[in-house]
Amino acid sequence: MPTQVLMPALSPTMEEGTLAKWLVKEGDTVSSGDILAEIETDKATMEFEAVDEGVIGKILVSEGTEGVKVNDPIAIMLEEGESADDIDDDAAAPAPAADSAPDGKAPAEAEKPKGADAAPLEIKSNASPDWPEGTELQTQTVREALRDAMAEEMRADDTVYLMGEEVAEYQGAYKVSQGLLDEFGDKRVVDTPITEHGFAGLAVGAAFGGLKPIVEFMTFNFAMQAMDQIINSAAKTLYMSGGQMGAPMVFRGPNGAAARVAAQHSQDYAAWYAHIPGLKVVMPYSASDAKGLLKSAIRDPNPVIFLENELMYGHSFDVPVMDDFTIPFGKARIWKEGKDVTIVSFGIGMKYALEAAEKLAEEGIDAEVIDLRTLRPLDYDTVLASVMKTNRCVTVEEGFPVASIGNHLSAVIMERAFDYLDAPVLNCTGKDVPMPYAANLEKHALITTDEVIEAVKKVTYR
Amino acid sequence: MATRKTAAKPNVSADELKTYYHDMLLIRRFEEKAGQLYGMGLIGGFCHLYIGQEAVVVGLEAAADEGDKRVTSYRDHGHMLACGMDPNGVMAELTGREGGYSKGKGGSMHMFSKEKNFYGGHGIVGAQVPIGTGLAFADKYLGNDRVSFAYFGDGAANQGQVYESFNMAAVWKLPVIFVIENNQYAMGTSQKRSTSSPEIYKRGEPFGIPGEIVDGMDVLAVKAAGEKAVAHCRSGEGPYILEVKTYRYRGHSMSDPAKYRTREEVQNMREKHDPIEHIRQMLIDGKHATEEDLKEIDKSIKDVVNKSADFAKESPEPALDELWTDIYADVAPQDEDA
């Protein structure tokens, strides 16, 4: 019986990919281990091998097709003795979705309402918009927006350079620095040895010496090796030198849980860095914020921690087409105005916040959703103004619960808007456990949209 | 006292010898005064004196040129004086006063001078080594021929980031001189008890970094080795290691009873290997200076040091609003006069 060849997931975070090239054609006999196709994932171009032997009966997805979803059928394989006539319509139809996605796809992702059947969220930007009305917009992934931000700033300032593991010849472990080596050369796009403590310290020295380094950590989990240089050398020198010397530089890279990479590779450091005077801390959600804030970070005369998220790199958003688009630090963005409750989040937490707001709207609860965007400086006023209006607040973040950003916001709201509160502020966070590997446990360790909805219902007494 | 022969026959003028004598004696007298002020409660916290090690920085500064950079650990007073920083500003920082180099906010271990290319003063053992390597990275990137001196001790030589720095400096041929000031004790732990190899300078070999051992009690030997290292770096050959054998007469910090070594050991170094006495003898024996000349130098130094102590006592404590300044820059200080 003909069998389907499905689009494979070739990285832990891959949701879709490009079928770059077929290396077989219809009628070819293949045996296991033969390379069938080249597939571009979110990280690299990978070779896709046959598992079984057989004959390529039909190619369903042609070469060069982009955005092929993982697990979509891409070809039909025939067993010996079968012919193309044996292929019926069913075989070419999409495979039924597996109950438990083997690639560890987040549940929220799988349940995402499709296309037009869900009412679109009413999304509004802050009082002063990030770009002038009428500006042309283009759709870009977070990954592309980050790269463009770096490229633009490197063009504008010769002292800006990028260093990190695999940033140059490999084009970035997560392809964020794609193309930068070609444009700027190996003097300004520098592959480092695997030596986080060393290259972080070296970059601090380079910043003292007049350069503006962008240090990419392959993930912020590895930045713990460099913590002393980030905190003691980069963040504190301006103060310790009485203002004579500082570290104008950016430490950036993916932060937080990816998918199925377990405890040592899944941690949100937002609260850690936000704790430190002398650092600025940015954690964007959308592509336009990623671009506008990274450009501001590179220009900032202080050390900036720029926390990205691997799961967000491939997500697309509108980005304004402007010569020089920046977003100032310390300005939250109101994604959705509402009157019943304030949901405050940042980074990937915004995904849960927005999904929850959408579902709550269906139940008649009108949530205001605020994206902090920067945690240091933090736009307290926007949060407080909103809470004074809604009288209720739920915070959403992926990090651990103890000494979280939500804890801090709760304290500030209590201090400055106590009389306005009609319910305690609730903090939705990741669970107080190291990240487990098992798919079902991981799902429970992370914050979920349902938990946000539940928290909102609690504070609105529904 | 036995007269020592200096390793390289000095090709130095009497004036240069006198300068080295002056610079080393300034550090010694300054440190003695700092110890005194510490005892009076005018200096607080940690205070690490450089007494005994003066020839290291004075010799290497004699090999450096305008625009070369230096960075060191928390035992940093000598480095600052040797590169020409103002004793008043250094002493006032020790007392935590407004007139200090860091406006009283850094203290003994954290001082900087953009003007003199002194990049600290770092309190975390070994952290200055990648920073010094990065200063060299910046110079190479900017295409000048400046050289950076990254000073660290025999104790720091066991930190991992030192070898991360060796590797990057070698791979990228960075113009950095790693100066291991081997005073033979990492706080209270002798090199024998803490360090697998007696010859630390050889630890650059696996990275392809040339290194040599230098008599750090002989300023002329240090200067000669420094000149060789500087020439190597400046010509684009990459990093160089100098292990400078030296000795600190005082404890690790002011609160160190120094029970880990004998009084005789210290006395022996003081009496037979003192770097300042060595130059003093050369000046007298070579008839480059009379006792009177040297007394004149001693006196002028005493004046400078006393003045710095007076300044450090009289300078007011920082204004309370200084608590809230210099946390974030509006303009990077490096860019201010660019």
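The values are calculated or read from the model by the stated rules, or taken from the named source; none is laboratory data. Treat the numbers as computed from the prediction; the structure is a model and nothing was measured. Quick reminder, even Gly has a Cβ in these numbers, built from the backbone with ideal geometry, and neighbours come from all protein chains shown.
Considering only segment B:182-214, state which residues are over 21 Å from B:L49 (Cβ atoms), outside any helix (DSSP H, G or I) and at pLDDT 95 or above.
Selection gives B:E199, B:G208, B:I209, B:P210, B:G211, B:E212, B:I213, B:V214.
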Subset of segment B:139-181 (residues that are within 13 Å of another protein chain (Cβ to nearest Cβ), assigned to a helix (DSSP H, G or I) and of a type in the set (A, V, I, L, M)): B:L142, B:A156, B:V162, B:M168, B:A169, B:A170, B:V171
Any hit, segment B:329-336, residues being within 30 Å of B:A169 (Cβ to Cβ), in contact with a strand residue (DSSP E or B) (Cβ under 9 Å, 6 or more places away or on another chain) and among the aliphatic types (A, V, I, L, M): yes
Evaluation of A:F220 against (1) under 17 Å from A:R143 (Cβ atoms); (2) out of contact with any Phe, Trp or Tyr (no Cβ under 8 Å at 6 or more places or on another chain) (one fails), failing number: (2)
Number of the exception - A:D52 against (1) free of Cβ contacts under 8 Å to residues at least 24 places away in the same chain; (2) assigned to a loop (DSSP other than H, G, I, E, B); (3) not polar (S, T, N, Q): (1)
Single match in A:D182, A:D186 (criterion: at negative phi, among the acidic types (D, E), surrounded by fewer than 22 Cβ atoms within 10 Å (Cβ to Cβ) and within 26 Å of the chain's Cα centre (by Cα)): A:D182
Where B:I301 falls short, out of the listed (1) modelled with pLDDT under 95; (2) surrounded by 14 or more Cβ atoms within 10 Å (Cβ to Cβ); (3) β-branched (V, I, T): (1)
Within segment B:102-114, considering residues that are touching a Gly at 6+ places or on another chain (Cβ under 9 Å) and either facing chain A (nearest Cβ under 7 Å) or within 13 Å of A:F208 (Cα to Cα) (or both), the one surrounded by the most Cβ atoms within 10 Å (Cβ to Cβ): B:F112
Criterion (in a helix (DSSP H, G or I), modelled with pLDDT of 95 or more, within 9 Å of chain B (Cβ to nearest Cβ) and within 29 Å of B:S102 (Cβ to Cβ)) met by exactly one of A:A223, A:A234, A:A206, A:A247: A:A206
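Results for (1) of a type outside the set (A, V, I, L, M, F, W, C); (2) at pLDDT 80 or above, shown as yes or no for each residue.
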| site | (1), (2) |
| --- | --- |
| A:Q4 | yes, yes |
| A:A44 | no, no |
| A:I56 | no, yes |
| A:D90 | yes, no |
Qualifying residues in segment B:287-338 (those that are more than 14 Å from every other protein chain (Cβ to nearest Cβ) and of a type in the set (S, T, Y)) - the one farthest from B:G99 (Cα to Cα): B:T290
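Residue-wise test of (1) hydroxyl-bearing (S, T, Y); (2) at the interface with chain A (Cβ under 10 Å from one of its Cβ atoms); (3) surrounded by fewer than 24 Cβ atoms within 10 Å (Cβ to Cβ); (4) free of Cβ contacts under 8 Å to residues at least 60 places away in the same chain.
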position	(1), (2), (3), (4)
B:G41	no, no, yes, yes
B:A63	no, no, yes, no
B:Q128	no, yes, no, yes
B:I131	no, yes, no, no
Checking A:R260 against (1) part of a helix (DSSP H, G or I); (2) more than 14 Å from chain B (Cβ to nearest Cβ); (3) surrounded by fewer than 21 Cβ atoms within 10 Å (Cβ to Cβ), the condition it does not meet: (1)
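In segment A:268-375, which helices (runs of 4 or more DSSP H) lie fully inside it and hold 3 or more residues that are touching a residue at least 12 places away in the same chain (Cβ under 8 Å) and within 14 Å of chain B (Cβ to nearest Cβ)?
Working: elements: A:270-274, A:287-299, A:349-362.
Answer list for segment A:268-375: A:287-299.
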Unmet requirement for B:G123, which otherwise passes all of (1) within 9 Å of chain A (Cβ to nearest Cβ); (2) of a type outside the set (K, R); (3) touching a strand residue (DSSP E or B) at 6+ places or on another chain (Cβ under 6 Å); (4) surrounded by fewer than 24 Cβ atoms within 10 Å (Cβ to Cβ): (3)
Subset of segment A:33-47 [among the small types (G, A, S) and within 15 Å of A:L6 (Cβ to Cβ)]: A:A37
Every residue from segment A:169-203 that is more than 13 Å from chain B (Cβ to nearest Cβ) and in a loop (DSSP other than H, G, I, E, B): A:E169, A:Y170, A:Q171, A:G172, A:A173, A:Y174, A:K175, A:V176, A:S177, A:Q178, A:G179
First in segment A:225-244 and in the same structural domain as A:P303 (by TED's automatic domain parsing) and over 16 Å from A:F199 (Cβ atoms), second anywhere and assigned to a helix (DSSP H, G or I) and at pLDDT below 95, Cβ under 8 Å, 6 or more apart: A:L238/B:P333; A:S241/B:P333; A:G243/B:P333; A:Q244/B:P333
Given (1) within 11 Å of another protein chain (Cβ to nearest Cβ); (2) out of contact with any Asp or Glu (no Cβ under 9 Å at 6 or more places or on another chain); (3) surrounded by fewer than 22 Cβ atoms within 10 Å (Cβ to Cβ), number of the condition B:D86 does not satisfy: (1)
